[in-house]
Amino acid sequence: MALALDPGTVAGRLGAAGYVADADVATAVALALELGRPLLLEGPAGVGKTSLAQAWAKTTGATLHRLSCYEGLGREEALYDWDYGRQILAIRLAEGRGAAGHLATEDLYGDEYLLERPLLRALRGSPEAPPPVLLIDEVDRADGAFEAFLLETLADWGVTIPERGETVRARVTPVAFLTSNRTRELSDALRRRCLYLYVDFPAPDLEEAIVRANLPGIGTALVRQAVAVMGRLRALPLLRVPGTAETLDLCRALLALGLDRLTPERARSVLGTVLKSDEDMRLVLEGDLAALVGP
Amino acid sequence: MSVPDPRTLPAYLRAAGLEVSPAESVLAVRALAAWPGSLDPDEAMRRLRTVLARDPASWRLVPELVAAWRRGAEIVRAADEAWQPGLGGDDGGGAEAAAGALAAAPGGDEAGGEGDGLGSDAVQEGDEADASGQVQAARGARSGASARGRVRAIDASGLAAAARRYAQASRPPRSRRRVRARRGAVDPGATWHASRQTRGEPLRLVRQAPPRPPAHRVLLVDTSASMHEGERWLTELARALARPPARVEVRAFDQDLRPGRWPGRAGAPAQGGTRIGPSLVAYLRGPGRRLRRGSHVMILSDGWETGDIRVLERALAALVGRAGRVDWLSPLAGTRGFQPTCRGLVTALRYGIGVYDVHDAASFGRYVGRLEATGGVANHAKGVRRGG
């Protein structure tokens, strides 16, 4: 099977958007495009799951529809809601005109009262434009009920609006990315509908390339040292392991401070860019900072 | 070496215990249609992994199995399947339930070798590969544990009753009353009534608070060798608690123990004890991020910590800070002359975590009675003495 977009091309296009993709990522995206399946991305926080969707939207010029999941997320926040305020005003105006009895259902559930949320916006994407990118971020934070609702949408790429007796089907299949940090096990039904990609912490070479792609002016020695420091930090039993995003933050901080190398004294002041909890900070500061920073 | 027919791969994977649906089979065959003619073997492996994997475990397992299929490895059943309880009564699914062991075919010259193409790296990296070329795919193989436990007969009905009582005792307070909030779904009826009272000026939307999340209960099971003695009973307890109405999230620290997902004992020392601290840290990094004030966490362990005690201290401090109530259930706590002197329990007591004897249905019932008497999870006062 020859893919419409081969992994090399995908990697190149992602690279143009500042996302350095390895072969696994490029193949998974190419397959997701070819098979029209959502891509479920799992892995530790800060390894580039969300930014993959953003980079693909950027490089294709597509609209990114982002749905950030949380506990209690429902259809109203994900799919559509009604502008109740305007509906009530319309009823009162009709009452004032003495025409309330003539109001039809269509008058109150027209497009002007429909508040589109990310899922519906993605389904209503224009066929002339590039396929919209739908990012369902941290889907593991949503409830099981929302996951069940998502199954229907992802399987058919269509949703029903019962108030209008209408089913909205995608005119162009969105490129869907689902991310999860594995704080909850997703159902097998959802997993079965998706292609899967596990994004782990990058190898040092790849991480150096990512830093260079995002911070073109940074010195080679500094990048190498920062990546080595992050590797040593990840080997510690931290409660929150820093990801690539934190590596970039560290490098940005070092650049902002005008440093060309990291010293133990300086490390103490910039650790806040990578460690985000008191317990982790204490563990590192009580350890050997010179060994952490390296030669 | 001749390459097997790609159409045989899904059946081979199923036989090895990896759940592959017909739809995934079609996808896999489509992904492999041009292989091995024009498609790079590594690229083919990446495609297969993307299509067939569903979680990190199968993400690692698929390359191993595909490499074994490629070299024509034979599937044999693991000798001892006793430690594969299938918590929900369904023992059939999931990569971890791969009850088979793949033994390399005699004379197979490519086990983990260079230039093998598919999966050679994964086989080299995996801890299942050994010098004899055997690829151990079974996750549940048991390594010869003793069957002597404090419990000789399992009272399943008693456990189920205790689990029901537990569900009641740990239930957060609920109300059918609609609670107004600044955020949430609009309540059209209440908005209408409010607008009638003010004649619509100014129009104010009345919103309802989102529904209360269901109770969040977690059982962290220590599956190390020192806990082998009561393993059948632990399994039954986990099974009873995982079912409705309790719906407890049962985990071996960071590993999910849903049906068919009981993990092996990789990394657990054969002589007993485990590194509870790092295991808790792994849990807190991942699934533990969902803990909230109303969460009830039970750690089922004998407390035999063999790792760095400072790591356990930090982990327990974080756990107590995040969850509503943390209890330590020890199967040994009720034995004659028991003293909480092992390092895990000493540390737990310092952080205000109660240690309870739970080794059978009756003792679990007594523990639930304590929960009921102390007002369950919501009214639990934390007596945390950080590092005290």
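The values are calculated or read from the model by the stated rules, or taken from the named source; none is laboratory data. Worth saying up front: this structure is predicted, and the values here are computed from it rather than measured. Here the Cβ is made from the backbone with ideal geometry for all residues, glycine too, and neighbour counts use every protein chain on show. Heads up: the accessible areas ignore ligands, DNA and RNA and are worked out on the full protein's heavy atoms, side chains in. Shrake-Rupley method; radii C 1.70, N 1.55, O 1.52, S 1.80 Å.
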Could you please give the count of residues in the stretch A:46-80 that are open to solvent by less than 30 Å² (accessible area, probe 1.4 Å) and either modelled with pLDDT of 90 or more or more than 9 Å from chain B (Cβ to nearest Cβ) (or both)? 16
Go through the stretch A:181-199 and give me each residue that's at the interface with another protein chain (Cβ under 8 Å from one of its Cβ atoms) and not aromatic (Phe, Trp, Tyr). A:Asn181, A:Arg182, A:Thr183, A:Arg184, A:Glu185, A:Asp188, A:Arg191, A:Arg192, A:Leu195, A:Leu197
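Could you look through the stretch A:89-118, keep only residues that are among the hydrophobic types (A, V, I, L, M, F, W, C) and under 13 Å from A:Arg164 (Cβ atoms), and pick out the one that is nearest to the other protein chains (Cβ to nearest Cβ)?
Of everything passing the filter in the stretch A:89-118, A:Leu108 is nearest to the other protein chains (Cβ to nearest Cβ).
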What residue, among those in the stretch A:18-34 that are hydrophobic (A, V, I, L, M, F, W, C), open to solvent by 30 Å² or more (accessible area, probe 1.4 Å) and more than 18 Å from A:Gly61 (Cβ to Cβ), is nearest to the other protein chains (Cβ to nearest Cβ)? A:Ala23
Taking the condition under 26 Å from B:Arg310 (Cα atoms), within 14 Å of chain B (Cβ to nearest Cβ), open to solvent by 10 Å² or more (accessible area, probe 1.4 Å) and not in a helix (DSSP H, G or I), does A:Pro237 pass? yes
Can you find a residue in the stretch B:16-34 that is more than 13 Å from chain A (Cβ to nearest Cβ), surrounded by fewer than 21 Cβ atoms within 10 Å (Cβ to Cβ) and at pLDDT below 85? no
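Can you spot a residue in the stretch B:329-336 that is in a loop (DSSP other than H, G, I, E, B), open to solvent by less than 20 Å² (accessible area, probe 1.4 Å) and not aromatic (Phe, Trp, Tyr)?
Restricting attention to the stretch B:329-336, the residues satisfying the condition of being in a loop (DSSP other than H, G, I, E, B) are B:331-336.
Applying the additional criterion that residues be open to solvent by less than 20 Å² (accessible area, probe 1.4 Å) yields none.
Within the stretch B:329-336, none of the residues are in a loop (DSSP other than H, G, I, E, B), open to solvent by less than 20 Å² (accessible area, probe 1.4 Å) and not aromatic (Phe, Trp, Tyr).
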So how many residues does the stretch A:121-160 have that are open to solvent by less than 50 Å² (accessible area, probe 1.4 Å) and within 27 Å of A:Gly46 (Cβ to Cβ)? 16
When you check A:Phe146 against the structure, is it in contact with a helix residue (DSSP H, G or I) (Cβ under 8 Å, 6 or more places away or on another chain), within 12 Å of chain B (Cβ to nearest Cβ) and among the hydrophobic types (A, V, I, L, M, F, W, C), yes or no? yes
Condition met for A:Gly15 (more than 9 Å from chain B (Cβ to nearest Cβ) and surrounded by fewer than 21 Cβ atoms within 10 Å (Cβ to Cβ)): yes
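For the stretch A:81-100, enumerate the residues that are part of a loop (DSSP other than H, G, I, E, B) and open to solvent by less than 30 Å² (accessible area, probe 1.4 Å).
Within the stretch A:81-100, just A:Ala99 meets the criteria.
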Residue among A:Gly43, A:Gly8 that is open to solvent by 40 Å² or more (accessible area, probe 1.4 Å) and small (Gly, Ala, Ser): A:Gly8
Quick check on my filter: what residues within the stretch A:101-120 are in a helix (DSSP H, G or I) and open to solvent by 40 Å² or more (accessible area, probe 1.4 Å)? A:Gly101, A:His102, A:Thr105, A:Glu106, A:Asp107, A:Asp111, A:Glu112
Which residue is nearest to B:Val20 (Cα to Cα), if the candidates are limited to the stretch B:42-56 and must be within 7 Å of another protein chain (Cβ to nearest Cβ) and part of a helix (DSSP H, G or I)? B:Val51
Residues that are assigned to a helix (DSSP H, G or I) and either open to solvent by less than 30 Å² (accessible area, probe 1.4 Å) or at positive phi (or both): does the stretch A:168-180 have at least one? no
